[in-house]
Amino acid sequence: MAEVKVKPEVPDPVDIENRIIELCHQFPHGITDQVIQNDMPHMEAQQRAMAINRLLSMGQLDLLRSNAGLLYRIKESQNASKMKGSDNQEKLVYQIIEDAGNKGIWSRDIRYKSNLPLTEINKILKNLESKKLIKAVKSVAASKKKVYMLYNLQPDRSVTGGAWYSDQDFESEFVEVLNQQCFKFLQSKAEAARESKQNPMIQRNSSFASSHEVWKYICELGISKVELSMEDIETILNTLIYDGKVEMTIIAAKEGTVGSVDGQMKLYRAVSPLIQPTGLVRTPCGLCPVFDDCHEGGEISPSNCIYMTEWLEF
């Protein structure tokens, strides 16, 4: 009697796609082709490839590269609508840029992660920029270096330099003005405390000002064209501490107190040095980092030192 062979039932492509989506939800970090194959061992490779390609073309999956090979990950609905109609290479580059966050990523790193030719990457980047999906931002770390990030992201301070940089140039005059005004405010606070004629402990305590008070004073002056944060002001106050003009203390604060962070508040006050620095320290030579290399007739010498000239003129 001849053996009867039963032809296996061909699974519905929609069912395959739905199962792949379910697997992606079970493994949100991504699944490999082997995971799909283990879950549906009777499915042919061609059917599996067709289902995956259809999900990629509809923008429901992300295509990633890892040490284990290609990864398929569920895509958020918002990103799916943005990348609808894009090819797999473009989606891969977009995903790499998205993972970089607001610190951005260099084109060389995109090339390394995507394993795509540089010419192809440049073409994809221009296309994504034209769609306003990504943007290029100049980094203060290198004048000719551009990093790419999603179009709607605010660049990290490490990229732009924060409030102290304008078009990659350090605003030294702006920083100096802020330095002077912060110190002036703390000095006025200390003078008002001395004039109160109260006991020394109360005078000392009332001479302190929180970083929020200093920040509010600077904002009310209107000397900054950019919006300054409390962190920016604390950076300026730190320079005053390093100069020996200001001291800081940290106190416990009630939850919700203005200017407090994690139940703590930073307080600052202007101080006067106990003794005046010696004459040698006040000269440029006293703080010169190349003092040991300075000698007459050399490339660095007192006769051509611009800092010594400025100090003598002063």
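Taking a cut-off of 18 Å, what percent of all Cα-Cα pairs in segment 98-235 are separated by more than that? The share of Cα pairs beyond 18 Å in segment 98-235 comes to 67 percent. Axis angle, to the nearest 10 degrees, between helix 45-57 and the longest C-alpha principal axis of the chain: 40 degrees. Each of G244, S207, C219 was scored by the projection of its Cα onto the charge dipole of segment 205-254, and the greatest displacement toward the positive side belongs to S207; charges sit on the C-beta of Lys, Arg, Asp and Glu.
Here segment 140-232 exposes an accessible surface that is 49 percent carbon and sulfur, computed with a 1.4 Å probe and the other protein chains kept in place.
Accessible surface calculations at 1.4 Å, restricted to protein heavy atoms, place the chain at 67 Å² per residue.
The translational diffusion coefficient of the chain, from Stokes-Einstein at 20 °C and 1.002 mPa s with a Kirkwood hydrodynamic radius over alpha carbon pairs, comes to 83 µm²/s.
In a simple Cβ point-charge model (Lys, Arg +1; Asp, Glu -1; nothing else charged), the chain has a dipole of about 620 debye relative to its Cα centre. Taking the square roots of 5 times each eigenvalue of the Cα gyration tensor of segment 16-60, largest first, gives ellipsoid semi-axes of 15, 14, 8 Å.
Of the trypsin sites (Lys or Arg not before Pro) in segment 7-61, not one is in a loop by DSSP (not H, G, I, E or B) with at most 11 other beta carbons within 10 Å. The stretch between K225 and M58, if pulled fully straight at 0.36 nm per residue, gains 55.6 nm over its current Cα-Cα span.
The trypsin sites (Lys or Arg not before Pro) of segment 113-192 that meet both conditions, a loop assignment by DSSP and at most 16 other Cβ atoms within 10 Å of the site Cβ, are K131, K132, K144, K145.
Fully extending the segment from E247 to E129 would add 37.7 nm, taking 0.36 nm per residue of separation and subtracting the current Cα-Cα distance. Cross-linked pairs K132/K225; K126/K225; K146/K225; K145/K225; K184/K254: Cα-Cα separations exceed 30 Å for K126/K225. Taking each DSSP H run with n ≥ 4 as -39500 (n - 2.57) and averaging over every residue of the chain yields -14000 deg cm²/dmol at 222 nm.
The values are calculated or read from the model by the stated rules, or taken from the named source; none is laboratory data. Everything numeric here is computed off the predicted structure, so don't read it as measured data. We place every Cβ from the backbone using ideal geometry, glycine too, and count neighbours over all the protein chains shown. Please note that ligands, DNA and RNA were not included when accessible areas were found on the heavy atoms of the full protein model with its side chains. Shrake-Rupley method; radii C 1.70, N 1.55, O 1.52, S 1.80 Å.
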